[in-house]
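Take a look at the structure below.
The values are calculated or read from the model by the stated rules, or taken from the named source; none is laboratory data. This one's a predicted model, so the numbers in the text were calculated from it and none came from an experiment. We place every Cβ from the backbone using ideal geometry, glycine too, and count neighbours over all the protein chains shown. Keep in mind that these areas ignore ligands, DNA and RNA; they rest on the heavy atoms of the full protein, side chains included. Shrake-Rupley method; radii C 1.70, N 1.55, O 1.52, S 1.80 Å.
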Amino acid sequence: MILKHKTVFKELPLSKLELDGYQPRKEYGTEAEKEKLRSSITHFGLQDSIMVTQKDTDRYVIIDGHRRYLALKEWPSPQI
């Protein structure tokens, strides 16, 4: 059986996202690297979407974009 996933683009509040506990990467860079990423996003915008899968009605687990999420956690805008 082949499962097909529907791709949907939408804005989500950062507060509804959570890190994937099965993510093999345990370190996501220094604070300086996060600041550099924040600065890049401020200047150029978020070039790649953060990919998530729905966990519950209003909770999502990050599949791709953990470093972008961590860099933006303190973002003035509560949505991405």
Pull up segment 47-80, narrow it to residues that are aliphatic (A, V, I, L, M) and open to solvent by 70 Å² or more (accessible area, probe 1.4 Å), then point me to the one that is nearest to Glu11 (Cα to Cα).
Met51
Among (1) outside any strand (DSSP E or B); (2) without any contact (Cβ under 8 Å) to a residue 60 or more places away in the chain; (3) within 13 Å of the chain's Cα centre (by Cα), the one test that Val8 misses:
(3)
Within segment 20-41, residues outside any helix (DSSP H, G or I) and surrounded by 13 or more Cβ atoms within 10 Å (Cβ to Cβ) come out as Asp20, Gln23, Tyr28, Gly29
Leu46 versus (1) of a type outside the set (D, E, K, R); (2) assigned to a helix (DSSP H, G or I); (3) touching a Lys or Arg at 6+ places or on another chain (Cβ under 8 Å): which is the lone unmet condition?
(2)
Does any residue of segment 7-16 turn out to be surrounded by 12 or more Cβ atoms within 10 Å (Cβ to Cβ), of a type outside the set (Lys, Arg) and touching a Leu at 6+ places or on another chain (Cβ under 8 Å)?
yes
